[in-house]
């Protein structure tokens, strides 16, 4: 990873400029954002949301400010793109911190018609407080849709970070597969794989690396309880199952790189699969190939999922269907748009999707590969590169 | 851990009955909840929130239902307390899933004046959809304050789970301290401690254990970058620092047990501290003792934090002050009320607080112990029990 592979201040500024254009085009006097992923996207300021409200504001002149607790002042002031940092001592404190935000917005001229992601800081971790409407008397316009539309299209720098994420997710997955053995538990195997992959990642790109993830601090690969019959539960919660011969397995791997996440998942087997298991595996690979074939710029997302539904129906597989084909991915694990029959958003170059049609049988277990796929000017590019064929995914018993 | 140490269906029902009383007292026709922690609290149904909306509803007769995607139907139907499970195929799907919720609420008679935690499913992970107001025409009353007031007071079963959490957090922390050495990195040390503590916990209580945590799947202990000078940043994000002689350290440890989290943090040193470091450590311990002395039933939370402020001022330490004394803790890491000068909530038996006054110096690093403390009928009970004295917290170099 070259030192240049990160988001530059210039790129953060360019993102904020697009938001500013949107404000001006819609006659909004400014914007107030509370969600950490949005604030990270426009400013590079990463934080963990708690009961202490944090907000980002920009007025129609493009002046940017942060509203933070005392705890975060030094961190916020280190940000080159922010011209103003206002702080309160603590939450709930006396008076309530929102008085500081109101003063900041007043002084910046953010009033009247204002864009926001939430009408006030969300009530998380015990926080309670007024809505922006109550606080300021402003008319709040929800601009989440604009923001998420903007975040959908990844820049070259973002794609480079996603590719870096794929590398370390691949390593973690390779180790997960290598260390999986009959008689071991999923927890000990996953932890060994995660530890070694994370240490390798940190030693390789460590000096310039920040995870900036709400979910993970390093490379991860795991089963999340999707082992044997419970692999039929697509979002099982891990339960430290012991591997047995004949188990169908479903994995998951990623690595956060400056907040960006790729997604790699594989169906695997403990020893040779039965004929019935092999049949579902083969259908699953064929489904993923069907999705890849339908993806590309200029087409609606829904066309991909419709082709998947058609395959399920043609082969009489609907009892095994559980979920749509995939989701956009980046700073958040799941982002809009979705590869779903109901999402008619046009696929555009720079969008990055998970592609993960799955089959689930209470008797035969779950079958799902997930790959991270970029829409390019003339088609698609696979960002993940782990083997997909059956032979590569059978663990010797 | 005895098999009886978990939340029984009877206790979930009793929680829901209290919510039902609140609905009836306030002439609400029902309640709709979207937050995973609230749904877990009233039903025991644990899930990971995504773009696929999930909701819980109860009408004024106490009939309980879940609204879920196809993916979660089997999981939802396994819940003995839920009489009705309505599902949609997928998000965004066609038509939008919220039509299914509207039909469910109509049929249950949840209309007119309705309690809710959010006016519609929050727009997370790319979800977009109508507010409850737009969807149903109901008048939505925010009942988060009632719910969080109810969650503040822990039952005997909840306290037992928090004590179980303390045990495994203690083990993880003991191993973290034992494995910390000059020249090693925080990541390798923390991972070794977490792995071994988690495997021990799962082998000990595994057959009946579920983490049900949004944050952790096992016992954890870590530094989060709070090493040497960066220990002065209270919520530093981990950066794989190498331990050096003379470093001041701040740790954090917990273990999720059926969703309940305790909190254990310690100031430690790589080798004997300097006189200046020792002075700040001694003040920190005295501050924590000051907080313990002020805690007890019938007094306002603010009194504890005011005593801490008074100590800071008396000893001319305000430049080192960064945050309030503590927070309630349970299903969420941070819950209301807070040990904060502005929180006048009365301390009551069954409340459980983190107690963690801290001192932070850019030159000398950060100093913070955090213990988990129960308010009892006649005082307090320490739930964490890790050594607090200086001698026990110096790592030989």
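The values are calculated or read from the model by the stated rules, or taken from the named source; none is laboratory data. As the structure is a prediction and not an experimental result, all values here were calculated from the model. Virtual Cβ from ideal backbone geometry, glycine too; neighbours counted across all protein chains shown.
Here are a few things to note about the model shown:
- Any hit, region B:374-382, residues being at positive phi, out of contact with any helix residue (DSSP H, G or I) (no Cβ under 9 Å at 6 or more places or on another chain) and modelled with pLDDT of 95 or more: yes
- All told, residue A:68 meets the bar of being assigned to a strand (DSSP E or B) and either assigned by TED's automatic domain parsing to the domain that holds residue A:18 or in contact (Cβ under 8 Å) with a residue 60 or more places away in the chain (or both).
- Only one entry in A:306, A:348 is farther than 30 Å from residue A:41 by Cβ and not in a strand (DSSP E or B), namely A:306.
- Residue within region A:1-12 that is without any contact (Cβ under 8 Å) to a residue 40 or more places away in the chain and within 12 Å of chain B (Cβ to nearest Cβ) present: no
- Top-ranked residue in region A:83-97 [being crowded, with 18+ Cβ neighbours inside 10 Å and closer than 22 Å to residue A:23 by Cβ; ranked as nearest to the other protein chains (Cβ to nearest Cβ)]: A:85
- Some residue of region B:319-335 being in the same structural domain as residue B:386 (by TED's automatic domain parsing) and surrounded by fewer than 17 Cβ atoms within 10 Å (Cβ to Cβ): yes
- Qualifying residues in region A:53-82 (those that are touching a strand residue (DSSP E or B) at 6+ places or on another chain (Cβ under 8 Å), surrounded by 20 or more Cβ atoms within 10 Å (Cβ to Cβ) and at pLDDT below 95) - the one farthest from the other protein chains (Cβ to nearest Cβ): A:76
- Complete set of residues in region A:218-229 that are within 13 Å of chain B (Cβ to nearest Cβ) and either more than 24 Å from residue B:211 (Cα to Cα) or surrounded by fewer than 21 Cβ atoms within 10 Å (Cβ to Cβ) (or both): A:225, A:229
- Index of the failed condition, residue A:282 passing every other in (1) touching a residue at least 40 places away in the same chain (Cβ under 8 Å); (2) more than 11 Å from chain B (Cβ to nearest Cβ); (3) part of a loop (DSSP other than H, G, I, E, B); (4) closer than 30 Å to residue A:227 by Cβ: (3)
- Of all residues in region A:107-137, those satisfying the criterion of being free of Cβ contacts under 8 Å to residues at least 60 places away in the same chain, more than 30 Å from residue A:328 (Cα to Cα), more than 8 Å from every other protein chain (Cβ to nearest Cβ) and not in a helix (DSSP H, G or I) are A:130, A:131, A:137.
- Residue tally, condition modelled with pLDDT of 95 or more and either on the phi > 0 side of the Ramachandran plot or not assigned by TED's automatic domain parsing to the domain that holds residue B:43 (or both), over region B:83-112: 2
- Failed condition for residue A:142, given (1) touching a helix residue (DSSP H, G or I) at 6+ places or on another chain (Cβ under 8 Å); (2) outside the structural domain of residue A:385 (by TED's automatic domain parsing): (1)
- Scanning region A:151-193 for residues that are within 13 Å of chain B (Cβ to nearest Cβ) and surrounded by fewer than 22 Cβ atoms within 10 Å (Cβ to Cβ) yields A:151, A:152, A:179, A:184, A:185, A:188, A:189, A:192.
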